[in-house]
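Below: one structure, written as structure tokens.
Where a number appears in this text, it was derived from the coordinates with a stated rule and is not lab data. Computed from a predicted model, the values in this text were never measured in an experiment. Reconstructed Cβ throughout: ideal geometry from the backbone, glycine too, with neighbour counts over all protein chains shown.
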Amino acid sequence: MSRAWCFGDDVDTDQIIPAKYLVTTDPQELAAGAFIGARPEFSEEVREGDVIFGGENFGCGSSREHAPICLLGSGVRVVVAASYARIFYRNSINTGLMVLECPEAVAAAADGDDVSVDLKSGEIRIRGSELFQARPLAEEALKIVEAGGLMALVKKQIGVGS
């Protein structure tokens, strides 16, 4: 079962990955700086498959792709937020990070809660019994995420790296 990591409104990309860590694009190296200022324990305690819950305007700030890449490097595969900064939302899809909007689930989740997310349907289950319905991604966006990002999808479509 995945665990919830809860954050508030207006979490910007500098909180997700501070600028001083942007000397690489390697996901695992970036993961070491994930939320280092806001939640110093995050990079050591996050587990593969954990889910981030954020409030309004999650991912605001700069347009750098490092933010979703560092989350993927840390093992996070899904972010559920009340709303997103549009550039973070698009960068997340393009890099293969699932982003779902569901303010009700965000309001219900607490740090450490057991959570599960069905990526195709957008169903979010918290503490085993509370069920929420996020707006699922559009079919084309879901294809990009499932492929591991836009570049991975294009490579697959043109037969490169097979």
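Please give the calculated 222 nm ellipticity per residue for the chain, where each DSSP H segment of at least 4 residues contributes -39500 (n - 2.57) and the sum is spread over every residue; nearest 500 deg cm²/dmol?
For the chain, the value works out to -8500 deg cm²/dmol.
Work out the length of the dipole vector of the chain about its Cα centre, built from +1 on the beta-carbon of each Lys and Arg and -1 on the beta-carbon of each Asp and Glu, and round it to the nearest 20 debye.
In debye, rounded to 20, the chain gives about 580.
Of the DSSP beta bridges with both residues in segment 1-142, give the percent that are antiparallel, rounding to the nearest 5.
Roughly 45 percent of the DSSP beta bridges within segment 1-142 come out antiparallel.
With a sphere of radius 12 Å drawn around the Cβ of I36, what net charge do the other residues whose Cβ falls strictly inside it have (Lys, Arg +1; Asp, Glu -1)?
That works out to -1.
Could you grab the relative contact order for the chain? Cα pairs under 8 Å, six or more apart, rounded to a whole percent.
For the chain, the relative contact order is 22 percent.
What number comes out for the charge environment of A19, summing +1 per Lys or Arg and -1 per Asp or Glu over other residues with Cβ under 15 Å away?
Combined, the nearby Lys, Arg, Asp and Glu give -2.
Under 11 Å from the Cβ of C60, count the other residues' Cβ atoms, weight Lys and Arg +1, Asp and Glu -1, and hand me the total.
Net charge in that neighbourhood comes out at -4.
Would you work out the relative contact order for segment 30-125, in percent, from Cα pairs under 8 angstrom that are 6 or more residues apart?
Once divided by the residue count of segment 30-125, the mean separation gives 26 percent.
Where the centroid of each part is defined by its Cα atoms, how far is segment 1-27 from segment 78-101 in Å?
One Cα centre to the other: 12 Å.
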